[in-house]
Amino acid sequence: MKKIAPTLLAVGAALMTAAPVLGQFLPPRVEGAWVRSAVPGQQGTGAFMKLTANEPMQLVGVSTPVAGVAELHEMKVEGDVMRMRAIGKLELPPGRTVELKPGGYHLMLMDLKQPLAQGATVPISLVLRDSKGVESKLDLSVPVRVAAPPSGPVAAPADAHKH
């Protein structure tokens, strides 16, 4: 249960805060959200998650109080060089999961105001635009981790049940 609790926390927080803010707008499903930990003096880190929209929408912005700058980024190979750049929007097609992950699309948190230790949570607000051009905010509480959470079902450690 310990390993799935942070994901449930992020999804639960998203559902709790999205309903009153978004009104008629149905927010995307958020899964596997995490922020990479950052040590003292580190200026930037990334946030990652899977988003599945129920209707056509775009991710058009991000903010968090733990960073001076938060942007939507993509990494891609140009020639033989991996490049990272800010992008203005990311399409979220209905029913198709879009993954924000290391080495691809991700949320870049820069000018960090504090270290981000494993086990902490980071408030992140996603700005979404629906097909009518209406923007809405989805507030998340995202766990800090050293590495990506395991994918698929999470099994308890073999020695977890002791008397």
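Condition check: surrounded by fewer than 17 Cβ atoms within 10 Å (Cβ to Cβ), touching a Pro at 6+ places or on another chain (Cβ under 7 Å) and assigned to a strand (DSSP E or B). Does PRO143 satisfy that? Working first, answer last.
On the way: surrounded by fewer than 17 Cβ atoms within 10 Å (Cβ to Cβ): no; touching a Pro at 6+ places or on another chain (Cβ under 7 Å): yes; assigned to a strand (DSSP E or B): yes.
Against the criterion (surrounded by fewer than 17 Cβ atoms within 10 Å (Cβ to Cβ), touching a Pro at 6+ places or on another chain (Cβ under 7 Å) and assigned to a strand (DSSP E or B)), PRO143 does not qualify.
Tell me, which residue of the stretch 54-71 that is within 14 Å of the chain's Cα centre (by Cα) and more than 15 Å from ASP111 (Cα to Cα) is surrounded by the fewest Cβ atoms within 10 Å (Cβ to Cβ)?
Only one residue tops the list, namely VAL60.
Which of the residues spanning the stretch 48-66 are among the aliphatic types (A, V, I, L, M), closer than 19 Å to THR121 by Cβ and touching a Ser or Thr at 6+ places or on another chain (Cβ under 8 Å)?
Within the stretch 48-66, the first condition is being among the aliphatic types (A, V, I, L, M), and the residues that meet it are 49, 51, 53, 57, 59-60, 62, 66.
Filter again for closer than 19 Å to THR121 by Cβ, leaving 49, 51, 62, 66.
LEU51, VAL62 - these are the residues of the stretch 48-66 that are among the aliphatic types (A, V, I, L, M), closer than 19 Å to THR121 by Cβ and touching a Ser or Thr at 6+ places or on another chain (Cβ under 8 Å).
Could you tell me which of the residues PRO40, PRO65 is in a loop (DSSP other than H, G, I, E, B) and in contact with a strand residue (DSSP E or B) (Cβ under 8 Å, 6 or more places away or on another chain)? Spell out how you get there, then give the answer.
Details: PRO40 fails: in contact with a strand residue (DSSP E or B) (Cβ under 8 Å, 6 or more places away or on another chain).
Unique residue meeting the criteria: PRO65.
Could you check, for the stretch 22-30, whether at least one of its residues is in a strand (DSSP E or B) and either surrounded by fewer than 20 Cβ atoms within 10 Å (Cβ to Cβ) or at pLDDT 85 or above (or both)?
Initially, the stretch 22-30 is screened for residues in a strand (DSSP E or B), giving 29-30.
Now drop any that are not either surrounded by fewer than 20 Cβ atoms within 10 Å (Cβ to Cβ) or at pLDDT 85 or above (or both), which leaves 29-30.
Yes; the residues of the stretch 22-30 include at least one that is in a strand (DSSP E or B) and either surrounded by fewer than 20 Cβ atoms within 10 Å (Cβ to Cβ) or at pLDDT 85 or above (or both).
Among the numbered criteria (1) at negative phi; (2) under 17 Å from the mean Cα position of the chain (by Cα); (3) exposed (fewer than 14 other Cβ atoms within 10 Å of the Cβ), which one does ARG85 miss?
(2)
Checking the conditions here, which among GLN58, GLN114 is assigned to a strand (DSSP E or B) and among the polar types (S, T, N, Q)?
GLN58
Scan the stretch 85-107 and tell me whether some residue there is part of a strand (DSSP E or B) and closer than 12 Å to THR45 by Cα. So that I can check it myself, show each step before the final result.
Just the residues of the stretch 85-107 that are part of a strand (DSSP E or B), to begin with: 85-86, 90-92, 94, 97-100, 106-107.
Then keep just the ones that are closer than 12 Å to THR45 by Cα; that gives 106-107.
Taking every residue of the stretch 85-107 in turn, at least one turns out to be part of a strand (DSSP E or B) and closer than 12 Å to THR45 by Cα.
Evaluate the stretch 63-86: report whether one residue or more is modelled with pLDDT of 95 or more, closer than 27 Å to LYS132 by Cβ and in contact with a helix residue (DSSP H, G or I) (Cβ under 9 Å, 6 or more places away or on another chain).
For the stretch 63-86, residues modelled with pLDDT of 95 or more, closer than 27 Å to LYS132 by Cβ and in contact with a helix residue (DSSP H, G or I) (Cβ under 9 Å, 6 or more places away or on another chain): absent.
The values are calculated or read from the model by the stated rules, or taken from the named source; none is laboratory data. Just so you know, these numbers come straight off a predicted model, no measurement behind them. Glycine gets a Cβ as well: all are built from the backbone with ideal geometry, and neighbour counts include every protein chain shown.
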